[in-house]
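Here's the structure, in structure tokens; my notes come after.
The values are calculated or read from the model by the stated rules, or taken from the named source; none is laboratory data. In this text, all values refer to a predicted model and were calculated from it rather than measured experimentally. Note that each Cβ is placed from the backbone with ideal geometry, even for glycine, and that neighbours are counted across all protein chains shown. These area figures cover heavy atoms from the full protein model, side chains too; ligands, DNA and RNA do not enter into them. Shrake-Rupley method; radii C 1.70, N 1.55, O 1.52, S 1.80 Å.
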Amino acid sequence: MCWAAVLLSFLLGQNPNEMDYLLRKIPDATFKTSDSSAMHISSWYSKKPVLLTLAYGRCPGVCNPYLLQIRDQISLLGSEKQFQVVVLSFDAEDQPKQLWRLAGFNENSPPPANWTFGVLEEDTRASLLTSLGLKTQMVGGLYEHNTVLALIGEDGSILQWIEGLPGTAQWDRLFKELTSEFVPVYSTLNNTVWTSCFQYDPASGTWRMSWGLLMILGPALITFFIIIILQSITRNDRTKNNSSILIQNQL
Amino acid sequence: MKTFDKKFTLLWLITILIVFLVAIAFGITMRMEQAEMVDVGPLNFYILMTSHGLLMAGVWFVAGMAGIQYILSRYFEVPRWGSVVAYACTLAGVVVLLISTFLTKFHAGWYFLYPLPFYAKGADSGPVLFLIAIAILGAGWLLWSLVLLVTILRKYTVTQALAWHHITGRPGPAVSPFILISFVSLIGVTACLLAAVVLVILYFIELARSGTMSNDPLLMKNLTFFFGHTLVNEMLYLGLAVLYELFPKMAGKPAYKTSWYVAISWNATLLIVLFAYFHHLYMDFAQPVAFQFIGQVMSWFAPLPAACVTIFSVLTTVYRSNMKWSLASLLYFFGVMFWAVGGVGAILDAVIANNLVLHNTQWVPAHFHTYNLLGNVFFSLAFASWFADEYGSEKMAPSMVKVIFSLLVIGGTGFVIAFYLGGALSVPRRVDMYSETVDEGISLAKMAVVFASLYLVGMIMYTVDFTKRCAGQLFS
Ligand code: HEM
Ligand SMILES: [Cu+2]
């Protein structure tokens, strides 16, 4: 199930219900890390943007490849100091250090300073999960769950929301948001809207004008042709009353 | 004069006056809500706002068209069915529109900017009914516009109707300013109604393929404003065409001739109007930058030819004339002056640097209410007054002229000044309640209610007087 959902959202390259989450605020949940008893998520996002994701240590499925991929992508980006990656476990039985393994860290190669691993405290866990759209279900002692990666802004609102493994275009968008780069065009629900004014190429981040833009001229052009057509179908009328053409103002 | 043309024009005018009274009542209710004198709630506010905006735009558009139809029928044989079909479509469209807003709670604003209609919709049938209303109105009016264009083209070629021979000095039939301006405006009307048709089709495609297709918001916004902005501009020009025909006569002067500068300015207007709408998209970063420049330049030029020539003509007409000031000539003269005031307000807002401050403040309703309520409406009321003086049972009593004219001017100016002040104080448009940061908006709304009520009283008196003098004709 878990995999199927991830695969599906990957194939679609798209988050159909992104709008349900964007710009909503997450609750300021508390979590335990290996070297602090309890801290608030806000202690991070109030300082810099937070890339927030949820996982659990015993996961036999997606959590491990998922976090590995996130780590790979982030290392491509380079500008690590500008944001914090926060990985939180929704499984109360987890120990923070257990989570390291999921992203390929261990005692010998511990995570860098911009990675934080923690275990969510009981009281705020459920509300955080709901606010992020993370769904879990206990099956035979293990959790079935979807994966969500969210970019949290300094006021705790969700700036980007990606369910499943992010596609190239989504990473691109995320990084641009992180580095405050100007994004003139976002791909919407369906990249191939035939009326698009622009075609956006997510891989290269470039866009070019498309014929939707020409449709703007449509009404004026059609009018032009209509007038020409009307002129030719009224030709006979005009020759008929050519003689009476001098108009008398009847006032 | 054929009785049918007279009677049908009368029917149009009476219908327009009645719908206008209803739409003013909606407007005053909105202002009362903003003044915290009544409590209709946000949903009802937006329902009223959507209905008010569309009724007003629609009513004064058809008023302009009815004027053109009537004057044109004094020149040529004009097919009647265009006007009749348009009348039927207008009634049907208005009924469906009011059902969509009041019963199914559609409330996306008068120009229904994409994708708002899919959200501000009340019931699911809301946007469907609303789009059906727009389709009925658009189709009927488009047909009417084409019928009138054909009527002109039966007599003149395109270049003659555009008075090009008046510019080049080549021989050709005399083309009156009325014909020229009507022709230019009808072309613009056709183009913007076609944009509405394309827009409605795109909406229906998206509705039909629910969820699997979404339109390009930038294209939709361009089409929307091509339609909305252009329609509102052209309907003013329709009123002006009639003014060019009637005003000199009222001043006891010879009819206006199409001089070379009149011809050039209206040909320029034909083009400029089609591009000025870009100024509605200054905030859209995805719009190609070149369009933004075009929008800026065209907005500066838009009012120049038509407005300057008209103001000049009207002033020289009045100067040293033996004008007998009737309600019609008063409304024409002051309508042109208020149109100029509103035009200045519009250009100020269309300067990109100013737009950063004024965008979506009450400055916007301030300027468009000026040239509508005190400009375009005055033109059409002037036509109606002239019509009633000409064909009604008697002329309007001079005391009545004074009272009605004062109520309209005092009420109208007070009402728009409240909007201008609101705009200057950054009071946002399109909200039903003002927060403490802009609570000046509340007192301004109260002031507007008082003045708008004066205008309403003036209009009620006007309508009663008009009906009294003319209704008999309808059934004779
Ligand atoms: C005394 C008469 C009138 C009153 C009391 C009135 C009142 C109002 C009010 C209160 C608003 C909402 C302003 C806001 O955004 O805060 C409004 C909007 C509007 N009015 Fe009027 N108005 C009057 C006449 C007219 C006329 C003559 C026209 C056009 C020919 C017109 C067209 C519009 C339009 C297009 C809107 C914008 C609706 C929207 O934002 O979707 N109004 N009016
Ligand atoms: Cu898992």
> Shape of chain B from its Cα gyration tensor (a ≥ b ≥ c, root eigenvalues): rounded if a/c is under 1.5, otherwise prolate when a/b > b/c, or oblate?
Replying inline: rounded
>> Positive end of the dipole of chain B, charges at C-beta (+1 Lys, Arg; -1 Asp, Glu), about the Cα centre: which of B:Asn372, B:Leu21, B:Phe312 has its Cα farthest in that direction?
In response: B:Phe312
> Taking the simple approach of a point 7 Å from Cα along Cα-to-Cβ for both B:Ala471 and A:Glu122, what is their distance in nm?
Replying inline: 7.9
> Which lysines does B:Lys402 reach when only Cα atoms under 19 Å apart count, and residues fewer than 8 places away in its own chain are ignored?
Replying inline: B:Lys324, B:Lys468
> If you take the charge dipole of the protein assembly as shown about its Cα centre, with +1 on Lys and Arg Cβ and -1 on Asp and Glu Cβ, which of B:Ala346, B:Leu330, A:Gln137 is farthest toward its positive end?
Replying inline: B:Leu330
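Order the peptides B:256-269, A:225-238 from the highest to the lowest mean number of other Cβ atoms within 10 Å of their residues. Numbers along the way, then the final one.
Numbers: B:256-269: 18.7, A:225-238: 13.7.
Ranking, from highest mean packing down: B:256-269, A:225-238.
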> In peptide B:193-200, how many Cβ atoms from other protein chains are near each Cβ within 10 Å, on average?
Replying inline: 3
>> Below 8 Å between Cα atoms, with a sequence gap of 6+, how large is the relative contact order for the range B:40-322 in percent?
In response: 19
> Based on the Cβ-Cβ distance of B:Ala25 and A:Asn108, what FRET efficiency does E = 1/(1 + (r/R0)^6) give at R0 = 56 Å, to the nearest 0.05?
Replying inline: 0.10
>> What is the percent carbon and sulfur in the accessible area of the range B:40-322, measuring with a 1.4 Å probe over the protein chains and ignoring ligands?
In response: 74
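State the three equivalent ellipsoid semi-axes of the range B:46-173, derived from the C-alpha gyration tensor as the square roots of 5 times its eigenvalues, in descending order and whole Å.
One finds semi-axes of 37, 15, 11 Å for the range B:46-173.
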>> With a 1.4 Å probe and all protein chains left in place, how much accessible area per residue does the protein assembly as shown have, in Å²?
In response: 41
> Roughly how crowded by other chains is peptide B:226-233, in terms of the mean Cβ count from those chains within 10 Å of each of its Cβ atoms?
Replying inline: 1
> What percent do you get for the relative contact order of the range B:258-387 when only Cα pairs under 8 Å and 6+ apart count?
Replying inline: 25
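Dipole size in debye (nearest 20) for the range B:40-322 around its Cα centre, Lys and Arg Cβ +1, Asp and Glu Cβ -1?
The dipole of the range B:40-322 has a size of about 760 debye.
Calculated FRET efficiency, B:Thr3 and B:Leu91, Cβ-Cβ r, R0 22 Å, to nearest 0.05? Let's see the in-between values first.
On the way: r = 22 Å, r/R0 = 1.00.
So, using R0 = 22 Å, E works out to roughly 0.50.
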> So what's the net charge close to A:Thr234: Lys and Arg +1, Asp and Glu -1, counting the other residues with Cβ under 14 Å from its Cβ?
Replying inline: +3
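How many partner chain Cβ atoms sit within 10 Å of a residue's Cβ in peptide A:220-233, on average, as a whole number?
Per residue, the average neighbour count from other chains is 5.
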>> With unit charges on the beta carbons (Lys and Arg positive, Asp and Glu negative) and the dipole taken about the Cα centre of the protein assembly as shown, which residue among A:Met215, B:Gly412, B:Pro127 sits farthest to the positive side?
In response: B:Gly412
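Between A:Leu77 and B:Ser426, what FRET efficiency follows from the Cβ-Cβ distance if R0 is 45 Å, with the result rounded to 0.05? Please report the intermediate quantities before stating the final value.
On the way: r = 40 Å, r/R0 = 0.90.
According to the calculation, E is roughly 0.65.
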> With the solvent-accessible surface defined on protein heavy atoms using a 1.4 Å probe, which residues belonging to the range B:135-165 display a reduction of at least 10 Å² in accessible area in the multichain context relative to the isolated chain?
Replying inline: B:Leu146, B:Leu149, B:Val150, B:Leu153, B:Arg154, B:Lys155, B:Tyr156, B:Thr157, B:Val158
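If the only charges are +1 at each Lys and Arg Cβ and -1 at each Asp and Glu Cβ, what is the size of the charge dipole of the range B:326-476 around the Cα centre, to the nearest 20 debye? Could the numbers behind the result be given before it?
On the way: 7 positive and 9 negative charges, 50 e Å.
For the range B:326-476, the charge dipole is close to 240 debye.
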> Do you know the relative contact order of chain B, to the nearest whole percent, from alpha carbon pairs under 8 angstrom that are 6+ apart?
Replying inline: 17
> Within the protein assembly as shown, what percent of beta bridges assigned by DSSP are antiparallel, to the nearest 5?
Replying inline: 70
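Interface A/B, total buried accessible area with a 1.4 Å probe, nearest 100 Å²? Let's see the in-between values first.
Numbers: alone 14760 and 18790 Å², together 30040 Å².
Summing both sides, the interface buries roughly 3500 Å².
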> Using a 1.4 Å probe, how large is the accessible area of B:Met235, given in Å² and rounded to the nearest 10?
Replying inline: 10
>> Is there a quick way to get the dipole size of chain B? I mean about its Cα centre, with the Cβ of Lys and Arg at +1 and of Asp and Glu at -1; what is the value in debye to the nearest 20?
In response: 1540
> If ligands, DNA and RNA are left out, what is the accessible area of B:Lys253 with a 1.4 Å probe, given in Å² to the nearest 10?
Replying inline: 60
> Of the peptides B:164-175, B:182-193, B:43-54, B:315-326, how do they stack up when ordered by the mean number of other Cβ atoms within 10 Å, highest first?
Replying inline: B:182-193, B:43-54, B:164-175, B:315-326
> Simple spin-label model, 7 Å along Cα-to-Cβ: B:Leu315 to B:Ile417 in nm?
Replying inline: 2.4
